[in-house]
Every structure is written in C-alpha cells, then in structure tokens.
C-alpha cells in the first residue's frame with residue numbers, strides 16, 4: 001500500500017471517509033464481505049462461548065484420558081477420526097487424550113485475543129508516532145522516519161523469538177505475545193499515517209483551522225484524526241490475519257503461549273509428529289487457522305474498498321452523482 | 001572387602017576366553033541367519049542422526065563405553081563387550097590392554113599392559129606414552145568436555161592444567177613402552193569402566209594440533225577420518241594398519257561409514273522405514289521410532305522385523321530441593337510421590353513402547369544393582385486420596401500451590417509435555433502446580449547451581465557405565481555438592497552415613513558385590529522421597545533393509561556399529 005494511494009489531490013473530492021451508514025450499505029452489497037463477516041462473527045462467538053461449548057460437550061481442555069489412546073503405538077487415539085465419539089465430538093489429542101474440541105475453542109480465545117491485542121498495540125503506536133512525524137518539526141520527522149524504517153526492516157520473527165525467550169517465566173504469556181508482536185509491527189501503520197498527515201496538512205479546512213489559531217494538538221485531534229479513521233481501520237483489519245499467523249508461528253516455534261494453555265499454533269506444532277498416524281489432528285487446527293486468516297483478509301479488503309472515497313465507482317457505480325468525476329488514480333485503486 | 005589380585009586376573013582371563021569364543025561364533029544372535037563375519041566386508045554404512053557429533057576429539061567426547069561412532073576410530077585401554085547381547089554385554093573387556101587392569105590391594109593403583117603389534121593409522125606403533133598423553137590432554141582447559149571422574153580420581157588431577165601448560169601428570173607412570181600405571185587418590189573399583197572412555201585412546205604427541213586435532217584425529221581403530229565438516233557429515237574409510245587379528249572386539253564389515261547429523265527425527269524415521277537407495281544400509285544411533293512408525297508396526301511384519309529394542313541405564317525423575325519450602329517436609333514429598341500419574345507421563349514422551357514407568361532411582365537392570373521397591377505406591381494413575389491424607393497431616397488440609405520448573409524443549413523428558421502431565425495428576429490431589437519453563441541451556445545452569453535451584457523440577461540421570469556408582473554418587477554424595485554450578489546432588493543431601501556407604505561400595509572391585517551394595521543404598525535412599533522416579537526410557541530403533549547382525553548391547557541399548565554389516 002503506497003503512502004498516498006487514498007489521499008486525494010483534487011480539492012473537489014471530500015477527503016473524509018464515507019459515513020457509517022454508507023459503509024454498511026457498501027459492505028452489504030458485497031457478498032464476499034458478508035460471508036467473511038459471518039465467519040468472523042462465528043469465530044468470535046465460538047471463542048467467547050468457549051467455556052459454554054466445553055460445558056455443553058461435558059469436557060475441558062486439560063483433563064487427560066489415558067484410556068482413549070493406545071500407549072503401545074505412541075499414544076494414537078483409539079478409533080477412527082482421531083477417536084471421535086459422542087463424548088468427544090472431534091476426537092482426542094494423541095499422546096494425552098485431551099479433548100480436541102475443547103482445546104480448539106479454548107485455543108481460539110488465545111489466538112484471537114492475542115492477534116486483536118497485538119493489532120491494537122500496533123495501531124496505537126503507529127498512529128501516535130505517525131502523527132508526531134507528520135506534524136512535528138523536520139528534525140522530529142527525520143528521527144521518527146528512520147525509526148520506522150528500522151522497525152520495518154527488522155527481521156521481526158527472529159527478534160520476537162529472542163525476546164520471548166529472555167522474558168522471565170512469570171510474565172503472562174498471552175500479554176507478552178501481544179506486546180512483542182505489537183511493538184515489532186507498528187512501522188507500516190506509522191508510515192501510512194505520516195503520509196496521510198502530509199496530504200491532509202495542506203488541505204483548506206486544516207489550513208483554516210490553523211489560521212484561526214488552533215494549536216497543533218487540537219488540529220491533530222479535531223481535524224486530522226477523524227480523516228485518518230478510514231485508512232487506519234482498513235490497515236488494522238488487514239493486519240489482523242497477519243498477527244493471527246504470527247502468534248501461531250511463535251507458538252509453533254515453542255516460544256508462544258505455554259502448555260497446558262492451548263493455542264492453534266501450538267496444536268499445529270505437536271501435530272507435525274502425528275500427520276501420518278492421526279491426520280485429523282492436523283487438519284482441525286489447520287483448517288480453523290486457514291478459515292480465520294482468509295475471513296479476516298477478505299473482510300479487510302472489503303472494508304478498505306468500502307471506506308475508500310474514490311472506490312465507489314467500483315461498488316456503487318454511478319450512484320453518487322456528487323463525486324462523479326473520475327480521478328486518474330482511480331483505475332488502480 | 002576387595003577381591004584379591006589373582007582372582008581379578010583369573011576372571012579377566014576367563015572373560016577373554018569367552019570373548020574369543022563368541023567372536024568365532026560370529027556375534028551369535030544376529031538378526032539375519034545369512035550373516036557370516038568372514039564374508040561380511042563391503043558396502044557403505046550410513047548413520048542418520050539428530051544431534052551433531054560435536055568435536056570429534058577423544059579428549060572432548062563424552063561417551064559411555066567408548067561411544068557408538070567414536071568406537072570405530074578410537075581404541076581405548078578397555079571397552080564395553082561388543083561381541084554379545086546377553087548380560088555379558090554390560091561387562092567391561094580389554095581393548096588395547098591385555099586385561100581390564102590389575103588393582104593393588106585397596107584399588108588405588110591400576111596397572112595395564114598393552115597388547116603387542118598395535119599401530120596407529122600411519123603405521124607407527126602405539127606406546128604406553130601415547131595413552132598417557134591422551135589422558136593428559138583431556139585435562140587441558142582448551143579441550144573441554146568428557147567425564148569429570150579423571151579430575152576427581154587421579155592424584156594431582158584437581159590442579160593439573162593439561163600437557164600444554166602443566167607439563168606431565170606424575171600420577172600416570174609409563175615404566176616401559178607397554179606398561180602404564182594410574183595412581184588414584186582414593187579407592188575406585190570402577191576404574192576399568194572409566195578406562196572405556198575415549199580419553200583413554202592413544203594420541204601421538206607429535207601429531208597433536210591442539211584444538212584442531214578434532215578435524216583429523218589419528219586413528220587407532222578400524223576406520224580413519226577422511227573428512228569432517230564440523231560434525232555435520234563425517235566420512236570414515238578403512239584404516240589399513242588395523243586388522244582383526246589385533247582386535248577381537250570389532251568386525252568392521254562396511255568399507256566406508258558416512259555419519260549425517262542434524263536431521264529431523266521424523267525424517268530419520270521416514271528414511272529408515274522407506275530404506276531406498278543408500279538408506280537401505282542406514283542406521284541411527286540416537287533416534288527412537290516415532291508414533292507414525294509405531295502405528296504401522298502391528299500391520300507391517302517386514303517393518304517390525306527391522307526394529308530393535310534395548311535399554312540404556314537412565315532415569316527421568318522429579319527432583320525436590322528440600323531447602324525450599326514446603327519440600328523440607330517429607331510428607332509433602334511423599335504426597336507428590338503418591339499423586340503422580342506415571343501412565344500420563346509415559347504417554348507424554350511417546351507411550352509404553354519407548355518408556356517404562358519407574359519406581360526406583362536405579363535403572364531396572366541387574367548391572368546397576370537394581371533392587372525393586374515402591375514405597376509410595378501410586379499405581380498407574382496415582383493415589384490422590386492417600387496424597388490428600390498426607391497433605392492434611394503436613395498441615396495443608398485445603399491443598400497447596402507449588403511451582404514446577406521444566407525445560408521448554410518439546411518432546412524431551414524434562415519438557416513441557418511431561419510438566420503438563422505432572423500438573424494434571426497433582427491437581428487431582430489438590431496440589432495446584434504452576435509451570436515455569438526455561439530454555440534448555442539456562443534451565444540446566446539454573447538447577448545445577450544450589451543458589452538458584454528451584455524447589456521442584458524435572459531432571460534425568462544417565463549411566464556413564466552400567467554400574468551403580470556413577471548413578472548414585474553424583475546425585476546423593478554430600479561431598480559432590482558443587483556450589484558454583486554443575487551440581488547434580490539436587491537434594492543437597494550430605495548424610496555421613498550415606499557418604500560412608502558410597503565409599504565402601506567404591507572400594508569393591510567385584511562387580512556383583514558392588515551391585516548389591518549400590519542396590520541396597522538406593523532402596524534405603526528411596527524411603528526419603530528425595531526424587532520421584534518417573535520412567536526409564538526404552539530404545540526402539542529402526543535400521544535399513546540391508547543391515548545385518550543387529551543384536552542389541554545391554555550396555556547402551558543399541559546395535560553395535562563396529563559389528564553390523566550392510567552387505
């Protein structure tokens with residue numbers, strides 16, 4: 001995403017994002033967006049209702065069931081489909097006999113909470129630093145811009161693994177994951193915000209506010225922040241699936257959340273030893289991770305299009321007469 | 001208490017005779033009837049390993065019984081009995097020496113004589129001074145690693161800095177080219193076992209290149225090193241100056257040996273199971289079969305016939321630090337012992353095929369002096385009721401919260417899976433367990449230092465050789481509490497009575513008597529519940545389709561690389 005792709009240059013286009021009602025209308029017209037929205041809502045519901053689902057099934061994520069696995073063959077669940085039965089709807093975990101459904105839904109809590117939290121940290125840091133760079137003096141801008149370059153160029157996975165390993169064991173792991181992923185991933189957001197601020201700074205209404213004597217902080221809060229909402233929300237929704245995979249990756253590498261707290265990445269990590277002996281154990285967390293990332297990505301893309309003031313022609317071609325003029329950039333938007 | 005010198009010599013001679021007979025019979029119980037030592041030569045043996053070989057320097061290697069790959073290159077004063085799979089394979093036999101060593105009356109002076117006609121790979125004869133130099137090198141701080149016993153046992157060993165800085169070590173004498181005498185500061189009946197270590201391999205002083213010697217160590221065994229890229233791939237070729245006539249322990253059937261290290265464990269199993277191309281002549285010296293192979297064994301008889309099962313003396317256990325509350329109370333330690341669910345622990349490390357539940361600290365093999373006991377019977381799945389009762393007596397009627405430290409290496413006996421199994425089992429007895437995982441290196445450093453040792457942690461102890469001494473002494477001898485780190489006496493136990501019993505057992509040169517003494521000491525220590533033994537590992541290993549003569553040693557639980565053939 002280039003810095004200025006959504007910043008209009010012609011003064012006759014309203015730079016502020018479309019109203020809430022309008023966004024919702026556009027999203028409703030987009031079938032892929034609706035499907036993704038339903039999937040995301042379902043996932044959040046499942047994660048939120050995890051204890052309820054466990055209670056309904058009558059299982060929990062930590063109880064071992066030694067009688068349901070075959071110890072002599074390394075702990076493969078007894079029975080087809082990973083030992084699925086009336087008591088264990090999606091079977092049991094090889095090696096321990098813990099309930100797979102309970103672990104999946106409890107793992108969803110960790111995976112979603114960590115990725116949402118990490119995104120919040122990234123966006124907050126990105127907006128604050130991007131605003132400071134865009135509105136501050138030239139020196140401040142130079143320093144902050146180099147910091148952004150540094151954070152973006154950093155091999156964040158390697159650094160995250162190192163960071164996760166040195167923090168003492170007592171620190172709550174999900175919170176640590178959020179912070180580490182967040183602190184290492186604000187660079188892109190900050191850069192986009194900075195670019196937007198540069199574009200907005202020169203617009204008439206901002207200039208008017210400044211001329212009337214408003215202080216910099218007030219200009220930032222009242223005039224610029226609202227106009228940033230569109231691109232920032234868009235970027236946040238696109239960043240979410242990346243953070244879901246990042247959490248799974250770190251847990252897969254053994255530095256994420258720790259047993260017995262389940263997470264999808266961790267389930268996938270232990271499943272690598274079992275993909276031949278118990279294929280269903282690999283497929284379940286893998287499918288869920290795939291669906292989550294796909295749903296968030298599709299949703300993010302749709303939100304981006306719906307929020308883009310110049311993308312209307314694609315979604316609602318010809319409906320908005322006021323901004324009918326074609327922008328040369330629009331062809332690529 | 002010690003046996004007379006004559007008796008030891010007699011038994012050594014008898015052993016030697018037995019060996020020669022076994023060798024003539026061709027390794028007796030091989031896997032294939034077609035194996036004939038006379039025509040087994042040829043082909044390339046591939047070794048697929050998970051861990052790297054590390055520095056291939058005899059001073060730095062830490063092996064049991066001369067090692068698996070190292071025994072192909074380094075001959076030592078004594079070695080494990082390579083030629084059989086029975087209880088005799090846990091015994092020590094002469095290798096470079098003519099016997100397993102002649103002790104003086106109190107086992108503080110050990111004398112060895114070299115066999116005639118021994119040569120290095122360049123044809124120069126092996127002299128007793130080369131063996132002395134090899135032992136001395138292992139003291140050099142530049143060449144770390146290896147067992148700690150030499151430093152502890154030899155007179156002056158504590159302060160000796162190796163031949164580069166410290167000159168020679170006076171307590172090793174070489175009166176002539178075939179005689180070498182070791183003088184110890186205390187009686188050690190197990191000295192012949194220690195002499196199987198690669199530190200007792202001869203090193204020619206004029207060929208020693210210090211830290212780069214490991215790239216091309218001078219061979220005294222059937223193979224010489226052709227190339228070695230940092231232990232990742234080691235290629236061995238025949239040593240023309242070695243012959244079977246001067247070595248009754250090794251057959252050296254393959255013409256070439258290639259060791260590939262750093263492979264993923266499931267990759268090793270898949271390659272061995274498929275056995276295509278070079279992998280038909282492949283084996284592994286460090287990787288157990290995994291679940292996907294185990295699941296196929298019952299339906300695939302051909303695959304099943306290519307799996308060997310053996311035991312290496314090792315115990316995985318929960319260690320208590322009684323200096324930390326509440327583990328100072330024996331009733332709390334007993335409650336944990338009662339509550340443990342060994343079936344869950346065994347399943348966590350790969351199931352009953354690769355681990356058996358343990359109630360004793362000593363491994364369950366006669367050579368260690370195994371004496372069965374189970375003072376706190378937990379059955380398969382624990383006895384939470386009994387545990388709660390003991391906790392109530394100890395003043396915790398509503399349960400308590402404790403922290404279990406473990407390593408973060410997955411799939412390891414001290415890893416998070418086992419920790420989770422312990423947590424789950426203790427939870428049933430009202431003990432809430434918090435897990436504290438630490439990256440492996442830091443974990444080891446942490447629990448091996450009394451000042452930072454956690455109250456409850458997962459640990460394992462493996463045998464340096466099949467005897468009770470190296471199994472119990474480092475863990476329970478009060479004089480081996482090391483305040484600066486490297487401490488294995490996790491209970492920090494310093495009981496004069498226990499120390500005295502350890503000394504008495506160390507003086508015994510008769511292995512049967514010593515085994516009995518170690519067994520009764522273990523049974524005595526078990527009552528105090530300083531550890532909760534969890535399981536003894538079982539070695540279950542695959543080998544390629546063309547590999548023959550794969551009988552399993554009771555010393556290290558594996559087929560012998562110096563005896564198998566790929567032809």
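The values are calculated or read from the model by the stated rules, or taken from the named source; none is laboratory data. These numbers come from a predicted model, not from an experiment. Virtual Cβ from ideal backbone geometry, glycine too; neighbours counted across all protein chains shown.
The table below gives the values:
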item: Single match in A:116, A:45, A:125, A:27 (criterion: exposed (fewer than 15 other Cβ atoms within 10 Å of the Cβ) and either part of a helix (DSSP H, G or I) or within 14 Å of chain B (Cβ to nearest Cβ) (or both)); result: A:45
item: Within segment A:267-290, considering residues that are within 9 Å of chain B (Cβ to nearest Cβ) and in contact (Cβ under 8 Å) with a residue 60 or more places away in the chain, the one nearest to residue A:60 (Cα to Cα); result: A:270
item: Test: residue A:305 is within 12 Å of another protein chain (Cβ to nearest Cβ), out of contact with any strand residue (DSSP E or B) (no Cβ under 6 Å at 6 or more places or on another chain) and modelled with pLDDT under 85; result: no
item: Residue satisfying all of: in segment B:378-419; part of a helix (DSSP H, G or I), crowded, with 17+ Cβ neighbours inside 10 Å and touching a helix residue (DSSP H, G or I) at 6+ places or on another chain (Cβ under 7 Å); nearest to the other protein chains (Cβ to nearest Cβ) among these; result: B:417
item: Test result for residue B:462, farther than 20 Å from residue B:362 by Cα and under 19 Å from the mean Cα position of the chain (by Cα); result: no
item: Criterion: at pLDDT 90 or above, buried (at least 16 other Cβ atoms within 10 Å of the Cβ) and within 30 Å of residue B:271 (Cα to Cα) - qualifying residue of B:109, B:69; result: B:69
item: Subset of segment A:51-79 (residues that are more than 10 Å from chain B (Cβ to nearest Cβ) and under 16 Å from residue A:281 (Cα atoms)); result: A:61, A:68, A:77, A:78, A:79
item: Criterion violated by residue A:107 - all others in (1) crowded, with 20+ Cβ neighbours inside 10 Å; (2) within 14 Å of chain B (Cβ to nearest Cβ); (3) assigned to a helix (DSSP H, G or I) satisfied; result: (2)
item: Residues located in segment B:287-307, provided they are buried (at least 20 other Cβ atoms within 10 Å of the Cβ) and either more than 12 Å from every other protein chain (Cβ to nearest Cβ) or in a loop (DSSP other than H, G, I, E, B) (or both); result: B:287, B:288, B:289, B:290, B:306
item: Leading residue by the ranking (nearest to the chain's Cα centre (by Cα)) among those in segment B:161-171 that are closer than 19 Å to residue B:57 by Cβ and in contact (Cβ under 8 Å) with a residue 24 or more places away in the chain; result: B:162
item: Positions within segment A:86-101 being more than 15 Å from residue A:284 (Cβ to Cβ) and away from chain B (no Cβ under 14 Å), in sequence order; result: A:86, A:87
item: Meets criteria (surrounded by fewer than 18 Cβ atoms within 10 Å (Cβ to Cβ) and more than 24 Å from the chain's Cα centre (by Cα)) for residue B:274; result: yes
item: Options A:270, A:251, A:313: the member that is at pLDDT below 85, over 18 Å from residue A:38 (Cβ atoms) and surrounded by fewer than 20 Cβ atoms within 10 Å (Cβ to Cβ); result: A:313
item: Every residue from segment B:430-459 that is away from chain A (no Cβ under 14 Å) and in contact with a helix residue (DSSP H, G or I) (Cβ under 7 Å, 6 or more places away or on another chain); result: B:430, B:431, B:453, B:459
item: Members of segment B:420-444 that are at pLDDT 90 or above and part of a helix (DSSP H, G or I); result: B:420, B:421, B:422, B:423, B:424, B:425, B:426, B:427, B:428
item: Exclusive hit being in contact (Cβ under 8 Å) with a residue 60 or more places away in the chain, within 29 Å of residue B:335 (Cα to Cα), outside any helix (DSSP H, G or I) and under 18 Å from the mean Cα position of the chain (by Cα), set B:535, B:539; result: B:535
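This table checks each residue for (1) assigned to a loop (DSSP other than H, G, I, E, B); (2) within 14 Å of another protein chain (Cβ to nearest Cβ); (3) under 30 Å from residue A:298 (Cβ atoms); (4) modelled with pLDDT under 90.
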{"site": "A:182", "(1), (2), (3), (4)": "no, no, yes, no"}
{"site": "A:240", "(1), (2), (3), (4)": "no, no, yes, yes"}
{"site": "A:260", "(1), (2), (3), (4)": "yes, yes, no, yes"}
{"site": "A:265", "(1), (2), (3), (4)": "no, yes, yes, yes"}
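Yes/no per residue for (1) within 14 Å of another protein chain (Cβ to nearest Cβ); (2) more than 25 Å from residue A:45 (Cα to Cα); (3) outside any helix (DSSP H, G or I):
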site: A:103; (1), (2), (3): yes, no, no
site: A:112; (1), (2), (3): no, no, no
site: A:120; (1), (2), (3): no, no, no
site: A:140; (1), (2), (3): no, yes, no
